[in-house]
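Report on one structure; see the data block that follows.
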Amino acid sequence: MDKTLSDKPMFSNRDLVNLTIPLIFDALLVIAAGVVDTAMVSSAGEAAVSGVSLVDSLNLLFVTIFNALATGGVVVTSQYIGKGDVENANRSANQVFYLLLSFSLVLTLLLMCFIPQLLNLVYSGIEADVFENARTYFFWILLGYPFLAVGNCCTALMRSMGKNRLSVILTSGYNILNVIGNAILIYGFDMGVAGAAISTSLSRVIFAIAGVWIMHDRHLKVCFDKLYKVCIDGDMLKRIIIIGGGNGIEQGLFQVGKVLVASLVSSLGTIAIAANSVASTVTNIGWSTIGAFSTSLLPIVGQCMGAGKTAQAKMYSKKMFRAASVAVIILFGLIFLLRNQLVLLFSFEEEALREAAYYTGVASLFTILSGYSWSFLPMATFRASGDTKYAVCLAVGTMFAFRVGLAYLLNYLFDLGLLAVWIGMWTDWFCRSCVNRIHFYRGKWMNKKVI
């Protein structure tokens, strides 16, 4: 591979901005919708919010696996685009669709059979009203899983060809419909958590239908080609599964760790659960915004690697890391300063709001001090190059050693409660940041091959 920078740059600075800004807007809209949703559900009481919060930890585990498999498709498809092989790029798109649809259907049917057992296994000992809200919410939200998987497949493929604005329009419509549906079902029909879940699932149905329709457009660089004629390409599917499966294992185990942490939080009482939910929701504004840099970096690095321009892949990665580092300081500095006002969006008792404001401040400072952008952005570069083994080992190792192990240890030894959870999280981020810098500059990831 040519590792010089003498070739014409594949992306200008304007291209980087145009690819990233729509995704930042999308991330902020998703978070805004999440905040509004949580605020709406909070009108049904702390037990309702706590139940939704606990189920959302499980939801995130499964949804992350969908996204991980879609990421495998983005990497393979974007590398074919960089190589100029449109035929195989289209074939790759079809394979991603079949993979995500079949996986999500099997998972949905399996989970529907064991809802109470799963909740009891993960969150044993929670209060009865929290459990009932969690069970109701989980049942209705599961019905939308296959549609979410298909919708995410479509938006991921749009991003692989640089159509970020198109993907944002699609996800924006989905989130706006979800908020409107929540308002109607929660306030208009007084359906509580069931209304929130039903609205989400119906929005996902429309999301999937619109995504599949758009991806049949022949004017796109990559499009679905005769999906009804199911044709499995074993070799290509294997490449997608190697990348997406490795990413899925990484993200899946990562979310398992988060569920274990959520289990620890659930043992601290309803106020602690509610405070942690609010703090996580508010700070997620910043985390998701930084995640937009990772999302835009995947097709950029993927296309560079597919074209054999590995030095440019490294150059663009460093530019994105610097931009994200500045964004972390600005965003989380603002969240820290406005923490007392932000938590007022939620209808909780004064004690819960006071706890939420405190931990929102802790989370903001910890994020800044951890070198957060280096904790996660390099993973996009490594995945796009096909370096999945490293990503799996690092994510799983730091997650279970620090975010889970250290949190439980600190709570057991010093009874720190939620503070133990956030200390464990900070230690996880900081160690990732240090190790990622070393691996990135060693450059072994530049020698990986996917296609």
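None of the figures in this text is laboratory data; all of them are computed from the coordinates on show. Every value quoted in this text rests on a predicted model; they were computed, and no experiment measured them. A quick note on method: Cβ atoms are made from the backbone with ideal geometry, for glycine too, and the neighbour counts reach across all protein chains shown.
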Item checked: Residue exposure sequence - 319, 226, 163 - by fewest surrounding Cβ within 10 Å -> 226, 319, 163
Margin query: Can you tell me how the stretch 98-174 classifies by the Cα gyration tensor, rounded, prolate or oblate, using a/c under 1.5 as the rounded cut?
Written below: prolate
Next item on the list: Quickly work out the residue 318-to-residue 434 label distance, labels modelled 7 Å from Cα along the C-beta direction, and quote it in nm with one decimal.
Entry: 2.4 nm
Checklist line | the stretch 189-251 and the stretch 45-94: distance between their alpha carbon centers, rounded to Å | finding: 8 Å
Next item on the list: Report the full-extension gain for the segment residue 139 to residue 441: residue separation times 0.36 nm, less the Cα-Cα distance, to one decimal in nm.
Entry: 104.1 nm
Next item on the list: Arrange the following residues from fewest to most other Cβ atoms within 10 Å of their Cβ: 379, 315.
Entry: 315, 379
Item checked: Mean-position separation - Cα centroids, the stretch 308-356 and the stretch 132-188, in angstrom -> 23 Å
Item checked: Length gained when the stretch residue 12-residue 225 is fully extended (0.36 nm per residue, less Cα-Cα span) -> 73.6 nm
Check: Counting chymotrypsin sites (Phe, Trp or Tyr not before Pro) as exposed when in a DSSP loop with at most 11 other beta carbons within 10 Å, what is the longest stretch of the chain free of them?
Finding: 229-451
Checklist line | Approximate spin-label separation residue 28-residue 218, in nm, with each point projected 7 Å along Cα-to-Cβ | finding: 3.9 nm
Note to self: I want the local charge near residue 164. Using Cβ-Cβ distances under 12 Å, sum +1 for each Lys or Arg and -1 for each Asp or Glu among the other residues.
What the structure shows: +1
Check: What FRET efficiency would be calculated for the residue pair residue 330, residue 132, taking the C-beta separation as r and a Förster radius of 45 Å, to the nearest 0.05?
Finding: 0.60
Next item on the list: Would you kindly derive the ³J(HN,Hα) couplings of the stretch 434-451 from the backbone phi angles with the Karplus curve 6.51 cos²θ - 1.76 cosθ + 1.60 (θ = phi - 60°), listing them in order in whole Hz, with x for Gly and Pro?
Entry: 5, 5, 4, 4, 4, 5, 5, 6, 5, x, 5, 4, 6, 9, 6, 10, 10, 10
Notebook entry, point to check: Given 0.36 nm per residue, what is the gain on full extension from residue 184 to residue 267 after removing their alpha carbon distance, in nm?
Noted result: 26.5 nm
Check: Can you give the angle from 0 to 90° between the axis of helix 192-214 and the longest principal axis of the chain, with both taken from C-alpha atoms, to the nearest 10?
Finding: 10 degrees
Margin query: Using only Cα atoms and rounding to the nearest 10 degrees, what angle (0 to 90) does helix 128-142 make with the longest principal axis of the chain?
Written below: 30 degrees
Check: When a footprinting reagent is the concern and you count Cβ atoms within 10 Å, what order do 159, 135, 322, 383 take, fewest first?
Finding: 322, 135, 159, 383
Item checked: Percentage, to the nearest whole number, of Cα pairs in the stretch 148-266 over 22 Å apart -> 55 percent
Check: For the chain, what's the relative contact order in percent, using C-alpha pairs closer than 8 Å and at least 6 residues apart?
Finding: 24 percent
Item checked: Ellipticity estimate at 222 nm from DSSP helix runs (n ≥ 4, -39,500 (n - 2.57)) divided over the chain, nearest 500 -> -27500 deg cm²/dmol
Notebook entry, point to check: Under a point spin-label approximation (7 Å from Cα along Cα-to-Cβ), what is the residue 117-residue 415 distance to one decimal in nm?
Noted result: 3.8 nm
Next item on the list: Rounded to the nearest 10 degrees, what's the angle between the helix 350-369 long axis and the longest principal axis of the chain, both from Cα atoms, 0 to 90?
Entry: 30 degrees
